[in-house]
Every structure is written in C-alpha cells, then in structure tokens.
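Trainee: My structure is below; once you've seen it, I'll send some questions.
The values are calculated or read from the model by the stated rules, or taken from the named source; none is laboratory data. Model, not experiment: these values are computed from the prediction. We place every Cβ from the backbone using ideal geometry, glycine too, and count neighbours over all the protein chains shown.
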C-alpha cells in the first residue's frame, strides 16, 4: 500500500520511549508486564533523528511521498497535565524542524485547533482528555478544507450525503414513501457513478 501512496498522514501522540533492560529501544507491548520496560521521555533531538530515519525509510519505498504531520490533541493525564503539555511541545518542535528541512512534509494543526479554537469543554469527551465526536468532525472538516482540491471536496460532500441516506433505517420499510425514497436514492447513486466513475456505496 505504501508503495502506491501519494500522501501519508502521520499523527504523533507521545514522546515516550520504552527500553529493555539491555538498553534496546522497543515498542511497548501491552501483553508484557510493565516491569519489562523502562519508560522515558525522548528529547527533541532524538525525536528529530528518529522521525527523520523513519521518513527516510518511507521515502526508500516511495520517493515522491508527501507527508502530513499532526500532533494528537489527546492529553496524557497519567503523566500529569503539565508533563503532557511538555511532551506535546517536544513533538511540535520535532515536527517543525522536519517540515523546515523537508519540502514534502507539511504540518496540519489538529492539536492547535482543539486547544485554541475548540477550547470549550463541550468539545471534549466525558473524560476531558479525548476530543468529543463533534470536535473530531469539526477537525476533519477543517482538514478537508485545508487539503482537498475543490472537486474532491465536492465528491466527499456528495458521497457522505448519499451514504447517510443509504444507511437510514426506516420506521415503515414497506411504505410508498420509503419505496419512493429508495428509488430516488438509486437514481442519485447512478448519477454519482456517472459523474465520478464508481458507486458511492
């Protein structure tokens, strides 16, 4: 899949790293006891170096790959909110450095959208750490506005409308009104296929 991708969106969540007792850096496996790992926060220089290495590996597979970097707005309360903010700051500094030196890397401000524009608590889930469904939807719309060409934006809007209609569960599936609704939906799906080259469903 990566060999065919034109754009890859990478979202960074934390600056935490995990090491085995012998010092090797590993992915934290939640099926293993936590005592098997030593956890620490990576510094900005290490993050830049490791992310650049990952970027080089991706580009070895797909040299023309465009990368959109984001930082997750999820707050890691288990480290304390201040430590969580510092971790996000390190991620932001690392991504900023990568984007400044790589012409095919750009940054989308999902983190800033939630913290600065959607800062009302109604945009957070009940745990006050995760974004709410509304926040996710609004950030998704901003992402689409930011990166989609006008034709793709039109396509996405039309397809979403048809998918919502297709997924509608009627109260009276045998009614004349519902049969008319389904006939109209089939007609609109045919128009969509003629316009875009494939079915919306």
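Trainee: Among 175, 132, 105, which is without any contact (Cβ under 8 Å) to a residue 12 or more places away in the chain and within 30 Å of residue 93 (Cβ to Cβ)?
Mentor: Testing whether each residue is without any contact (Cβ under 8 Å) to a residue 12 or more places away in the chain and within 30 Å of residue 93 (Cβ to Cβ) leaves just 132.
Trainee: If you take the residues in segment 185-198 that are surrounded by fewer than 13 Cβ atoms within 10 Å (Cβ to Cβ) and in contact with a helix residue (DSSP H, G or I) (Cβ under 9 Å, 6 or more places away or on another chain), which one is nearest to residue 169 (Cα to Cα)?
Mentor: 198
Per-residue answers, yes or no, for (1) assigned to a loop (DSSP other than H, G, I, E, B); (2) exposed (fewer than 12 other Cβ atoms within 10 Å of the Cβ); (3) touching a helix residue (DSSP H, G or I) at 6+ places or on another chain (Cβ under 6 Å); (4) free of Cβ contacts under 8 Å to residues at least 40 places away in the same chain:
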{"residue": "5", "(1), (2), (3), (4)": "yes, no, no, no"}
{"residue": "8", "(1), (2), (3), (4)": "no, no, no, no"}
{"residue": "11", "(1), (2), (3), (4)": "no, no, no, no"}
{"residue": "22", "(1), (2), (3), (4)": "yes, yes, no, yes"}
{"residue": "30", "(1), (2), (3), (4)": "yes, yes, no, yes"}
{"residue": "35", "(1), (2), (3), (4)": "no, yes, no, yes"}
{"residue": "47", "(1), (2), (3), (4)": "no, no, yes, no"}
{"residue": "50", "(1), (2), (3), (4)": "no, no, no, yes"}
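Trainee: Just one of (1) exposed (fewer than 15 other Cβ atoms within 10 Å of the Cβ); (2) in contact with a helix residue (DSSP H, G or I) (Cβ under 9 Å, 6 or more places away or on another chain); (3) outside the structural domain of residue 201 (by TED's automatic domain parsing) trips up residue 75, so point out which.
Mentor: Of the numbered conditions (1) exposed (fewer than 15 other Cβ atoms within 10 Å of the Cβ); (2) in contact with a helix residue (DSSP H, G or I) (Cβ under 9 Å, 6 or more places away or on another chain); (3) outside the structural domain of residue 201 (by TED's automatic domain parsing), the odd one out for residue 75 is (1).
Trainee: Test of understanding: among 57, 84, which residue is surrounded by 14 or more Cβ atoms within 10 Å (Cβ to Cβ), part of a helix (DSSP H, G or I) and free of Cβ contacts under 8 Å to residues at least 24 places away in the same chain?
Mentor: Numbers: 57 fails: surrounded by 14 or more Cβ atoms within 10 Å (Cβ to Cβ).
Step by step, each of 57, 84 is checked, and only 84 is surrounded by 14 or more Cβ atoms within 10 Å (Cβ to Cβ), part of a helix (DSSP H, G or I) and free of Cβ contacts under 8 Å to residues at least 24 places away in the same chain.
Trainee: Another one. If you check 98, 115, which single one turns out to be within 19 Å of the chain's Cα centre (by Cα), closer than 20 Å to residue 14 by Cβ, part of a helix (DSSP H, G or I) and not assigned by TED's automatic domain parsing to the domain that holds residue 50?
Mentor: Working: 98 fails: not assigned by TED's automatic domain parsing to the domain that holds residue 50.
Only one candidate passes the filter, namely 115.
Trainee: Also, quick follow-up: Does segment 130-171 hold any residues that are part of a loop (DSSP other than H, G, I, E, B) and in contact with a helix residue (DSSP H, G or I) (Cβ under 6 Å, 6 or more places away or on another chain), and which are they?
Mentor: So in segment 130-171, the residues part of a loop (DSSP other than H, G, I, E, B) come out as 130, 132, 148-149, 167-171.
Once the filter is applied, which keeps residues that are part of a loop (DSSP other than H, G, I, E, B) and in contact with a helix residue (DSSP H, G or I) (Cβ under 6 Å, 6 or more places away or on another chain), segment 130-171 yields 132, 170.
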